[in-house]
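As structure tokens, the structure follows; a few thoughts come after it.
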Amino acid sequence: MNDRPPELPAELLEAVASPGGGRIVLVLGAGCSGERPTDLPLAGDLARECHRRLLADGRLADGAVGNPDDLSAVAAAVFEATGSQRDLVERFPPDRFRNAEPNDGYLIAAAFLRESAVSCVMTLNFDVAASTALAHLGTREEVSTIGGPEDHHRLGARNLIYLHRNINSEPDELILRREALDEEWRDHWEEVVARRVLGGPVTVFVGLGSPAAVLVETTRRILAALEVGARVYVVDPLERERSAFFAALDLDPRVYVRLGWSEFMHRLAGAAMAWR
């Protein structure tokens, strides 16, 4: 059995060490915030715990959610019962997401943004560990933080984008329910900004085990229109065959890198130093 970590693709190493910089976009999923010390639950774990609390507090009736492992299904049931997502978001609990400490992956990503090795970090997560990482490194004024469509005019050369909003947004603005995940993004801000940032030379999806429609559909369209030479990679600790996101994109198996978030970023940073 070969336990050696996979080699990073040469094109990715060249991009991170490019003298001009800005050739890489990172798209982050819940797997990135599951690593310590950020240590936040994956969507399924969060859904189950919130569902348990909602039942215990009498905010949902038993049987109201067909699949308590599906956060969007829990959100839909709460919205149907109350007309709002607030009861769900309050049981995350929000302060845990606001105060989450950045892990090594987030700190390295912030450094890459500061150095322009990465042009954009786009996250689907609701925690603000990525913003805290920027603050730790003193880079907040050098990087535009985009929390939603109201900040679109602030898009710059280097961006941190919360595609589904973050815990500091109003609870009903968070992209949680299936309608928003699958349909409401079409021709709206989510699609516009995803098209803009996913069209660069190298896009790396990290920690995305589930196929979010806003990324899958937009990425499919962009892949069909990309110029020759543009690259897309998927990074996740799961075996390739278990990644629903990777399967949904129908990509070449050679672009799958089986590594965890912080391990991948450490190796990318080491390669950048070596190539420079």
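The values are calculated or read from the model by the stated rules, or taken from the named source; none is laboratory data. Note that the structure is a prediction, hence the values are computed from the model and not measured. Note that each Cβ is placed from the backbone with ideal geometry, even for glycine, and that neighbours are counted across all protein chains shown.
A compact table of results
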item	result
Flag for A111 being in a helix (DSSP H, G or I), over 14 Å from the mean Cα position of the chain (by Cα) and surrounded by fewer than 24 Cβ atoms within 10 Å (Cβ to Cβ)	yes
Residue match in region 199-210 (condition: within 19 Å of M122 (Cβ to Cβ) and part of a helix (DSSP H, G or I))	no
Qualifying positions in region 19-31 - touching a residue at least 12 places away in the same chain (Cβ under 8 Å) and in a loop (DSSP other than H, G, I, E, B)	G21, G22, R23, G29
Breaking point among (1) within 25 Å of L155 (Cβ to Cβ); (2) touching a residue at least 40 places away in the same chain (Cβ under 8 Å); (3) touching a helix residue (DSSP H, G or I) at 6+ places or on another chain (Cβ under 6 Å), for G199	(2)
Conditions (1) within 30 Å of A76 (Cα to Cα); (2) in contact with a Pro (Cβ under 7 Å, 6 or more places away or on another chain); (3) surrounded by fewer than 23 Cβ atoms within 10 Å (Cβ to Cβ); number of the one not met by H136	(1)
Residue list for region 90-108, filter: within 19 Å of the chain's Cα centre (by Cα) and in a helix (DSSP H, G or I)	P94, R96, F97, R98, D104, G105, Y106, L107, I108
Residues located in region 194-224, provided they are among the charged types (D, E, K, R) and at pLDDT below 80	E217, R220, R221
Complete set of residues in region 148-196 that are more than 23 Å from A76 (Cβ to Cβ), outside any helix (DSSP H, G or I) and without any contact (Cβ under 8 Å) to a residue 24 or more places away in the chain	G156
Selected residue [outside the structural domain of C120 (by TED's automatic domain parsing), in a helix (DSSP H, G or I), acidic (D, E) and over 30 Å from A272 (Cβ atoms)] from D69, D62, D87	D87
Selected residue [β-branched (V, I, T), more than 30 Å from G199 (Cβ to Cβ), in contact with a Ser or Thr (Cβ under 9 Å, 6 or more places away or on another chain) and buried (at least 19 other Cβ atoms within 10 Å of the Cβ)] from V78, V74, V89	V78
Test result for V121, β-branched (V, I, T), surrounded by 16 or more Cβ atoms within 10 Å (Cβ to Cβ), in contact with a helix residue (DSSP H, G or I) (Cβ under 6 Å, 6 or more places away or on another chain) and within 22 Å of G22 (Cβ to Cβ)	yes
